[in-house]
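Written below as structure tokens is the structure these notes are about.
The values are calculated or read from the model by the stated rules, or taken from the named source; none is laboratory data. Computed from a prediction, not measured in an experiment: that's the story for all the values here. Cβ sites come from the backbone with ideal geometry, for glycine too, and all protein chains shown count toward neighbours. The protein model used for the area step is the full one, side chains on, heavy atoms only, and it has no ligands, DNA or RNA in it. Shrake-Rupley method; radii C 1.70, N 1.55, O 1.52, S 1.80 Å.
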Amino acid sequence: AGIATQVRVERMLAEQGLDRYKMGREKFIAAVWERREKYGSTITNQQRVMGFSLDWSRERFTMDDGLSRAVHKVFVDLYKEGLIYRDTRLVNWDPVTRTVLSDLEVEYDDSYEGELFSFAYELTSGSGEIIVATTRPETMLGDTAIAVHPDDDRYKHLIGKTVKHPFIDREIPIIGDAVLVDPKFGSGAVKVTPAHDPNDYETGKRHDLEFISILDEAGHINEHGGKFHGMERFEARKAVKKALEDRGLVRETKKHKMSVGRSQRSGTIVEPMISTQWFVKTKPLAETAIASVEKGDIRFVPSQWEKTYFHWMNEIRDWCISRQLWWGHRIPAWYGPDGEIFVAHDEEEAHKAARKHYGRAVELNQDEDVLDTWFSSGLWPFSTMGWPDKTADLKAFYPTTVLVTAFDIIFFWVARMIMLGLHFMKAPPFRDVYIHGLLRDEKGDKISKTKGNGIDPLVAVEQYGADAFRFFLMATLSEGKDSVYSEQRLKGYQNFANKIWNSSRFVFMNLPEGFTPVESPEALYKLKLEEEDWWVLAELNRVQAEVARTVKEYKIHLAADEVYSFTWRIFCDWYIEFIKPRMFGKTGEESADSARQTAYYTLKSMLGILSPFMPYIAEELYSHILKYRPADNPLDEMIITAPWPTLKKLPKKAERPAMALALLQDVIGAARLIRGEMNIPPDTKVPLIVRTDNADLKKVIASKEMAIQRLGRISEIKVVKTYKSNKFDALETFTDGEVYLPLEGILDVQKESNRLKGEVQKLDKTVEGIQKKLSNAKFLENAPAEVVEKEKGKLAEMEQKRDALQRSLKRLNK
């Protein structure tokens, strides 16, 4: 990252009292390489710790020799084709990093509090004055015209006359221009500074005005600024205003909210300046790149980003690719004694061309500038594969299948890879572009190196584990939507890993010595499986299909949700709890064996779908699976190289018991809901009455009585076809009936009713307060968006709690 890296190194050197100019180019570049070696290895170490599944032998860096050769060839070829050229024009200038910026590297601040400053120019004839306004008073030092509308009766007679500059010995012409001037806005007269304003620049070209640049590279007033020479630009602004005031030329000053461009890298206000730079003619490249997406050769996921891509590409301007930096690919152009340019692959080739041009050997000087970092990054899909050589890698891996990136660099990187890939390889660089959101800090700001608010993965991994950190990223970053870094969620995923570990340990601890797993799903289906076995296998099939589907559709966050739900809720919370009596031998050996076999098979398959999300715990638990593999049916040594778990169709006989078990879950869930809402203490067991006509459910309740009593904290269970409830019964419905918990003698109904009424009243006041705040237009206008969203979320949460309490009250007072 050219500018970002150089800025960091310059800051580091400044702390030591050094700067790049004192050091010289060679020593400075050596210092940047030293930092790159240090932090480059830090990044790859973080990736290794996080369990990146990469071919580390193929690691590449855009400054590698092989990639440099590709960069030089692309530059030379585009130059020869007339698609790279050198020109002097108005550019975005960063006075802090002292380099030009592309339009995309300028971020606009629309809330900047500036001022509109009006002052008068006196007519050279002494017959009056003309008033102009500006938000940048210092730029009047570079004014070369005053523009008025040619049809404006107030000023028609002045066109062709001049005003005198108050500080510099220069007369400024008054011109008529219908494009720049709106006669109804302000005074109807506009100062024109062609070298420091985009609109004025075009005006200057239309009228052949003089272009006077008043700033140097560091943003100080240069020799064209008269007595203000050497002043920093904002210091000069104050000084110019004071000098105009001393001369009696100030007419009005008023506050003015305006949009200012800031450097994406340094944060400073960018200056429009005249400068000679290298450009890529992008229109011909963009036309091919647009067509490739329109034809469907490349698709964006989600597809809404295609609109963004098309908007940028249709409005594309020529790309300024030179940077006044020292870190990066130096532009392969050499200048002869008379300024003749020789673009070549290397210095030897440049000297050869110069000898041919001059008829003798001459001294050449290479261009001091380097290329925009996105120029070399744009070649990544093929430069990393050995291009321009026709390598086996290039044949095998170009184009690739999918590019995964965030939306903020669609044009910086994605569009440029497409343009350059199509131009040089005659094929798109990838088929799919998956756009995920950005990770933001807890204040809602984008996490970036420049802002200094980055999250150190190694610290997060040390606190919560690599698996939890990975799972957090995949579960929260959805297609095109941003995510907020959350310590609470990380802690939750750490607990998830612990849950997996403990449930797996339970399975392994209850496998007897000499346990031999069945060899196939078909063999497993022949065992005497019980309702929960069929149910968990049906759920396993479902989750495997859903994870495969959502990953294929790049809905990674939904795949993570499926993995989480199956692992924690279905396998750990329900299935393990259902089979505990069987594992402990309370239902006979045949039942115990089928439970062990099903648990082992489900766990092995579950680890397969868990592996991409949580590879460390998956591999560790798989190593325990391997202890039981049959000698004649060896498994892969690591789960990462094992086949992806495949769907195995369940026999018809599995349907009814699986459905009955799902209904039993509903029954237990209803009992738990009542207990929670009625504030029944955990250690208090209550009777359960289930009213249902479903014979399969009645059967499964009878066979799973011990599990139901433990899971629902139930003292006794009755299943009936009809039931007349009394006033102390709490009721909850489910798909095939109702669940009743008789609470007489268990709860003090009046006391609980009073408690619930008090809680509802408190919540009413809280809800009313939040609603009042959210209906306040002033709050909505001034509060940050994330604060407003937080209040809305709080309101929804409080209303949900109140609804639950009101349901409980209704149960008590029916």
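Residue count for segment 513-533, restricted to those that are touching a residue at least 12 places away in the same chain (Cβ under 8 Å) and either polar (S, T, N, Q) or outside any helix (DSSP H, G or I) (or both): 9.
Screening the candidates E768, E716, E744 for the property of being more than 16 Å from A670 (Cα to Cα), modelled with pLDDT of 85 or more and acidic (D, E) yields one hit, E768.
Note on segment 33-59: among residues that are open to solvent by less than 60 Å² (accessible area, probe 1.4 Å) and assigned to a loop (DSSP other than H, G, I, E, B), the one that is nearest to V459 (Cα to Cα) is M50.
Scanning segment 556-583 for residues that are of a type in the set (K, R) and out of contact with any helix residue (DSSP H, G or I) (no Cβ under 6 Å at 6 or more places or on another chain) yields a total of 2. Does at least one position in segment 722-730 carry a residue that is in contact with a strand residue (DSSP E or B) (Cβ under 9 Å, 6 or more places away or on another chain), within 30 Å of F584 (Cβ to Cβ) and either surrounded by 12 or more Cβ atoms within 10 Å (Cβ to Cβ) or charged (D, E, K, R) (or both)? No, every residue in segment 722-730 fails to be in contact with a strand residue (DSSP E or B) (Cβ under 9 Å, 6 or more places away or on another chain), within 30 Å of F584 (Cβ to Cβ) and either surrounded by 12 or more Cβ atoms within 10 Å (Cβ to Cβ) or charged (D, E, K, R) (or both). In segment 364-397, of all residues being open to solvent by less than 40 Å² (accessible area, probe 1.4 Å) and of a type in the set (G, A, S), the one that is farthest from the chain's Cα centre (by Cα) corresponds to G386. From the list A236, A243, the lone residue that is out of contact with any strand residue (DSSP E or B) (no Cβ under 7 Å at 6 or more places or on another chain) and either at pLDDT 95 or above or under 22 Å from I130 (Cβ atoms) (or both) is A243. Condition (residue is surrounded by 15 or more Cβ atoms within 10 Å (Cβ to Cβ), farther than 22 Å from E210 by Cα, in contact with a Ser or Thr (Cβ under 6 Å, 6 or more places away or on another chain) and hydrophobic (A, V, I, L, M, F, W, C)) applied to segment 77-90: is it met by at least one residue? No; the residues of segment 77-90 include none that is surrounded by 15 or more Cβ atoms within 10 Å (Cβ to Cβ), farther than 22 Å from E210 by Cα, in contact with a Ser or Thr (Cβ under 6 Å, 6 or more places away or on another chain) and hydrophobic (A, V, I, L, M, F, W, C). A14 fulfils the conditions (1) aliphatic (A, V, I, L, M); (2) modelled with pLDDT of 90 or more; (3) surrounded by fewer than 17 Cβ atoms within 10 Å (Cβ to Cβ) except for a single criterion, (2). Select from segment 431-476 the residues that are touching a residue at least 12 places away in the same chain (Cβ under 8 Å) and of a type in the set (V, I, T) and list them in ascending order. If the condition is that a residue be touching a residue at least 12 places away in the same chain (Cβ under 8 Å) and of a type in the set (V, I, T), then V433, I435, I447, T450, I455, V461, T476 are the ones that fit. Looking at the structure I just gave you, is M417 surrounded by 15 or more Cβ atoms within 10 Å (Cβ to Cβ), over 15 Å from the mean Cα position of the chain (by Cα) and either among the hydroxyl-bearing types (S, T, Y) or part of a helix (DSSP H, G or I) (or both)? In short, yes. Within segment 483-540, the set of residues being under 30 Å from D445 (Cα atoms), at pLDDT below 90 and open to solvent by less than 30 Å² (accessible area, probe 1.4 Å) comprises S483, Y485, S486. The residue of segment 495-535 that is farthest from the chain's Cα centre (by Cα), among those that are among the aliphatic types (A, V, I, L, M) and closer than 16 Å to K649 by Cα, is L527. For segment 152-193, the strands (runs of 3 or more DSSP E) that sit wholly inside it and include 1 or more residues that are open to solvent by 50 Å² or more (accessible area, probe 1.4 Å) are 162-164, 171-176.
For segment 598-621, name all the residues that are open to solvent by less than 30 Å² (accessible area, probe 1.4 Å) and more than 33 Å from the chain's Cα centre (by Cα).
Listed by number, the residues that qualify are T598, A599, Y600, T602, L603.
Name the residue, out of A559, A595, that is surrounded by 21 or more Cβ atoms within 10 Å (Cβ to Cβ) and farther than 28 Å from A466 by Cα. Write out each step before concluding.
Details: A559 fails: farther than 28 Å from A466 by Cα.
The conditions single out A595.
Is it the case that D696 is touching a Lys or Arg at 6+ places or on another chain (Cβ under 6 Å) and open to solvent by 40 Å² or more (accessible area, probe 1.4 Å)? Yes; evaluated as a whole, the condition is true for this residue.
I'm trying to understand the selection: among the residues of segment 91-128, which are open to solvent by less than 20 Å² (accessible area, probe 1.4 Å), of a type outside the set (V, I, T) and in a loop (DSSP other than H, G, I, E, B)? Can you show your working first?
Start the filter on segment 91-128 by keeping residues that are open to solvent by less than 20 Å² (accessible area, probe 1.4 Å), which leaves 91, 93-95, 97, 99-102, 105-106, 114, 117-121, 123.
Right, trim to of a type outside the set (V, I, T) and you get 93-95, 101-102, 105, 114, 117-121, 123.
Residues satisfying the conditions are P95, S102.
K283 passes every criterion in (1) within 21 Å of V402 (Cβ to Cβ); (2) open to solvent by 30 Å² or more (accessible area, probe 1.4 Å) apart from (1). So, in segment 622-641, of the ones that are within 21 Å of S503 (Cβ to Cβ) and either modelled with pLDDT of 90 or more or among the β-branched types (V, I, T) (or both), which residue ends up surrounded by the fewest Cβ atoms within 10 Å (Cβ to Cβ)? Here the residue is S623. When segment 703-721 is limited to residues that are aliphatic (A, V, I, L, M) and not in a strand (DSSP E or B), the one that is surrounded by the fewest Cβ atoms within 10 Å (Cβ to Cβ) turns out to be M706.
With respect to D64, is the statement that it is open to solvent by 30 Å² or more (accessible area, probe 1.4 Å) and either in contact with a Cys (Cβ under 7 Å, 6 or more places away or on another chain) or at pLDDT below 90 (or both) true? In short, yes.
Name the residues in segment 644-693 that are of a type in the set (S, T, N, Q), crowded, with 20+ Cβ neighbours inside 10 Å and either touching a His at 6+ places or on another chain (Cβ under 7 Å) or part of a helix (DSSP H, G or I) (or both), would you?
Start the filter on segment 644-693 by keeping residues that are of a type in the set (S, T, N, Q), which leaves 646, 665, 679, 684, 692.
Next, from what is left, pick out any that are crowded, with 20+ Cβ neighbours inside 10 Å: 692.
Scanning segment 644-693 gives no hits.
What about F734, is it modelled with pLDDT of 80 or more, of a type outside the set (A, V, I, L, M), in contact with a helix residue (DSSP H, G or I) (Cβ under 9 Å, 6 or more places away or on another chain) and open to solvent by less than 30 Å² (accessible area, probe 1.4 Å)?
On the way: modelled with pLDDT of 80 or more: yes; of a type outside the set (A, V, I, L, M): yes; in contact with a helix residue (DSSP H, G or I) (Cβ under 9 Å, 6 or more places away or on another chain): yes; open to solvent by less than 30 Å² (accessible area, probe 1.4 Å): yes.
It is true that F734 is modelled with pLDDT of 80 or more, of a type outside the set (A, V, I, L, M), in contact with a helix residue (DSSP H, G or I) (Cβ under 9 Å, 6 or more places away or on another chain) and open to solvent by less than 30 Å² (accessible area, probe 1.4 Å).
Considering (1) out of contact with any Gly (no Cβ under 7 Å at 6 or more places or on another chain); (2) within 23 Å of R89 (Cβ to Cβ); (3) not in a helix (DSSP H, G or I), the lone condition that P337 does not fulfil carries the number (2).
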